[in-house]
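The values are calculated or read from the model by the stated rules, or taken from the named source; none is laboratory data. Worth saying up front: this structure is predicted, and the values here are computed from it rather than measured. Every residue, glycine as well, gets a Cβ built from its backbone with ideal geometry; the counts of neighbours run over all protein chains shown. The accessibility values were calculated without ligands, DNA or RNA, using every heavy atom of the protein model including side chains. Shrake-Rupley method; radii C 1.70, N 1.55, O 1.52, S 1.80 Å.
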Amino acid sequence: MKNVSLSFPHNGLVFLLGESGCGKSTLLSILGGLAKPTSGDVFFFGKSLSSMSEDEITAYRNFDNGFVLQENVFIDDLDVSRNVMLGLKESEENVSAASESLKTVGLSGFDSRMINELSGGQKQRVAIARALVKKCSMMLCDEPTAALDEDTAARIFSLLKTLSSDHLIIVACHDRDAAFRYGDRIIEMNDGSVVRDLTAAPSGGGIVYSGDRVFIPKEHSMTTDEFAELANRLKKNEVTKIFAGPKTRSFIPTEQKEIDRKVEADKKRPNLFSAFSTPKRLWLSSLAKRKRRYVLSVAVLGLACTMFGSALVCSSYDVRRANIDTLLHASADVIAIRKEETFDDGSISYTKRGQLSKADVETLSSYFDLPIMGVGAKQKTSFINYRIGQISSSDDYTIVPLGNGVGIAEANRAFFESSNFKFVAGAYPENDESMVISTEIANFFRKYGYKDFVSENPELTLEPGFEYEALIGKPLRVSDVELTISGIVKFTTDYSRYKGLQNSDEWSAASYFGRYLDEYERCVEDDFAWNVYLKNPKSLGVDSYEKAVMTIPRNATAIGRIYDAFDENNANGLTGFTMSNPHLKITNFIVMNMDVFSGFFWVFGGLFATIAILIIIHLQLTIMASEKRRIGLYRSMGASKASVISIYLPQAIILSFASALLGIIFLFAMPAIVNAVIANEFIYVGALLSTQFWHVLVLLGIPLFIAIASLALALMPSLGKEPFILLKSDQ
């Protein structure tokens, strides 16, 4: 707000007009005591709002003004009458007053209706009745009709106009037409300043311009100059609407009056209800005098909560959930399924990998109701013969596919579509002499160039950096058969995730699994990005498959069903099949070590909790020893034991909640930190640790129990004595 100086009468309907953000709502909030001005002050019957105590300003908000908002808040479980009496005692007098207020706003007989049964306009009238029942002298309405239709809005404004004869009603809105029709005063604002302040003239007022509107009262006779000005504004499109006739009112500049600073005698108001308002004054001073002890208690108990929280998180990890989450976030976005065959020669029983038949693939696809693709054994296809330049021996990213060749699979349209395959060039193979390759294979040629080493046709040579389309139609030999490239597909797998596995000097989880490069090769082998896709794999003699691959669903429930199907403990699961994903091996290694971490936190959590209990009990006993005479005074004045406890209970609750807050902050931070470290160091993609709702409840309950138990232990000796004994006690 900027240099706003206004005075208001005891009654009347005042409109605040202006664009959104001009300061209307801010001014209402300052007038209602909901916000403090950065400079200046608000005087209510001569009393400065800034000089009011917290109880006085709260009373001012509750009993001297009422707010009616665009979207008023109600208690849906209460009927209309109880919503009107919200904040008041449910006495016979107040019930009658609520009924009278509803009658005033035209809702007689709506007392027992539920709020959800009312229309938007009726709810606004209930909000007005809620302000009226407090007999407030001022009503502040912030966009009360913005969400209402035109007819309902007109009824609300008409009601406010009627009520304004006994109340000061200030309305912030955009409706200029309603303002000039119903308002006794109009204050226009722009950028926090009052740009125009008009008051309705009894009669004889002149033409009024407001925005793109002009208001011409019926009794006003326009002069030649006024006609000329109106014509000029119409020509410039500065006026788009003209209001004239008996309902059009005239306005004149408001005459500013000196603000009345005479302080009115304090009104007698009902006592405000607050469970901790009286005890607050008593224990705040006690808290201030023992600040260091409270800080120490909070710190130690908070540290205990932190340790307990860490132990809870570490010990409540779920292997199944961790594996499901791993697959949900896996950058290698397929699951490889292999078949295991058990052999027994009479002396020893052993298991080895077997080949999957087409029937096996169909069985798996039917079981999961998902497209599954079989991939034939790796074919020793040497890409080195096709490259133009030399390949660096340290370039492990290219060595892996060159060493293992490619797998052979069917160009299955259903699987392609379900796996989000994207053709970057070409299309599906049309015959047995053509094939589709991946962008991984294509990128190898784009990096090192391509030449036809079979026919050695120089016209087929491609220099490094060519576009994908250039490979379409080029020959490529697979398993000693020369095929033509008909298309190139792009996959969603992010291989950059595995770069760390190639660097033997870098510490990584792979160091626990064998050679780094072996792990990188495993990542590639379990995926399908280094395969070639044929219309008929049998044309290359592929009758069985080394593995089957399925795309990981991006849904935790679906992944859980897949994970459970391969669980050895699931009697209804698949038998004879195993699944693998490069990330799962890392996950299983990590969870093996979680019990060690949780045990560490449980031990230290218990140690700090014991120390915290001793410190808090000593603190409470010290406080109660110096409070014996006060307790005796409270009891002698008729306070019950429960009332005395309620006086000291807030400090115990605050002590426990402050301690719990420290633990809860770490409860949420620790999993995030640990997950980030594991993800970085172990190339882990899931979220191993997670905070659960019951963890928070435990961390709230432990310090609350300790604080209340220590308070009860300290209070019980005093509460068990007669009041006069306590009054004679030495401090």
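Results, tabulated for the structure shown:
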| read-out | value |
| --- | --- |
| Subset of the stretch 107-118 (residues that are touching a residue at least 12 places away in the same chain (Cβ under 8 Å) and exposed (fewer than 11 other Cβ atoms within 10 Å of the Cβ)) | S112, N116 |
| Members of the stretch 439-482 that are within 19 Å of F421 (Cβ to Cβ), among the aliphatic types (A, V, I, L, M) and in contact with a Pro (Cβ under 9 Å, 6 or more places away or on another chain) | I441 |
| Hits in the stretch 145-154 - residues which are of a type in the set (A, V, I, L, M) and either under 16 Å from L132 (Cα atoms) or open to solvent by 70 Å² or more (accessible area, probe 1.4 Å) (or both) | A147 |
| Qualifying positions in the stretch 717-727 - assigned to a helix (DSSP H, G or I), open to solvent by 20 Å² or more (accessible area, probe 1.4 Å) and modelled with pLDDT under 80 | P723, F724, I725, L727 |
| Filtered residues of the stretch 1-30 (kept if loosely packed, with under 15 Cβ neighbours inside 10 Å and in contact with a Gly (Cβ under 7 Å, 6 or more places away or on another chain)) | K2 |
| Residue list for the stretch 687-716, filter: assigned to a helix (DSSP H, G or I), of a type in the set (V, I, T) and within 25 Å of V677 (Cβ to Cβ) | V696, V698 |
| Matching residues in the stretch 404-463 - criterion: being in contact (Cβ under 8 Å) with a residue 60 or more places away in the chain, assigned to a loop (DSSP other than H, G, I, E, B) and β-branched (V, I, T) | T461 |
| Residue in the stretch 73-85 that is at pLDDT 80 or above, among the hydroxyl-bearing types (S, T, Y) and surrounded by fewer than 17 Cβ atoms within 10 Å (Cβ to Cβ) present | no |
| Matching residues in the stretch 35-59 - criterion: being at pLDDT below 75 and touching a Leu at 6+ places or on another chain (Cβ under 8 Å) | D55, I57, T58, A59 |
| Any hit, the stretch 30-51, residues being within 25 Å of R196 (Cβ to Cβ) and of a type in the set (S, T, Y) | yes |
| Members of the stretch 568-591 found to be open to solvent by less than 60 Å² (accessible area, probe 1.4 Å) and more than 33 Å from the chain's Cα centre (by Cα), listed by number | N570, G573, L574, G576, F577, T578, M579, S580 |
| Qualifying residue in the stretch 155-165 (condition: open to solvent by less than 10 Å² (accessible area, probe 1.4 Å) and under 19 Å from L27 (Cα atoms)) | no |
| Exclusive hit being at pLDDT below 75, open to solvent by 80 Å² or more (accessible area, probe 1.4 Å) and hydroxyl-bearing (S, T, Y), set S392, S347 | S347 |
| Search result, residues across the stretch 395-425 that are β-branched (V, I, T) and either farther than 16 Å from R446 by Cα or modelled with pLDDT under 70 (or both) | T398, I399, V400, V406, I408 |
| Any chance E93 is part of a helix (DSSP H, G or I), at pLDDT below 85, surrounded by fewer than 20 Cβ atoms within 10 Å (Cβ to Cβ) and among the acidic types (D, E) | yes |
| When residues of the stretch 466-481 are limited to those that are assigned to a loop (DSSP other than H, G, I, E, B) and modelled with pLDDT of 90 or more, the one most open to solvent (accessible area, probe 1.4 Å) | E467 |
| Residue list for the stretch 174-199, restricted to those being under 24 Å from T152 (Cβ atoms) and either among the small types (G, A, S) or touching a Lys or Arg at 6+ places or on another chain (Cβ under 8 Å) (or both) | R176, D177, A178, A179, F180, R181, Y182, G183, I186 |
| Hits in the stretch 31-58 (condition: of a type in the set (A, V, I, L, M), under 24 Å from I156 (Cβ atoms) and crowded, with 16+ Cβ neighbours inside 10 Å) | L31 |
| Single residue of the stretch 592-607 satisfying the filter (open to solvent by less than 50 Å² (accessible area, probe 1.4 Å) and at pLDDT below 75) that is farthest from A322 (Cα to Cα) | G606 |
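The rows are residues; the columns are (1) open to solvent by 80 Å² or more (accessible area, probe 1.4 Å); (2) touching a Cys at 6+ places or on another chain (Cβ under 6 Å); (3) at pLDDT below 70.
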| site | (1), (2), (3) |
| --- | --- |
| L614 | yes, no, no |
| R630 | yes, no, yes |
| A639 | no, no, yes |
| A642 | no, no, yes |
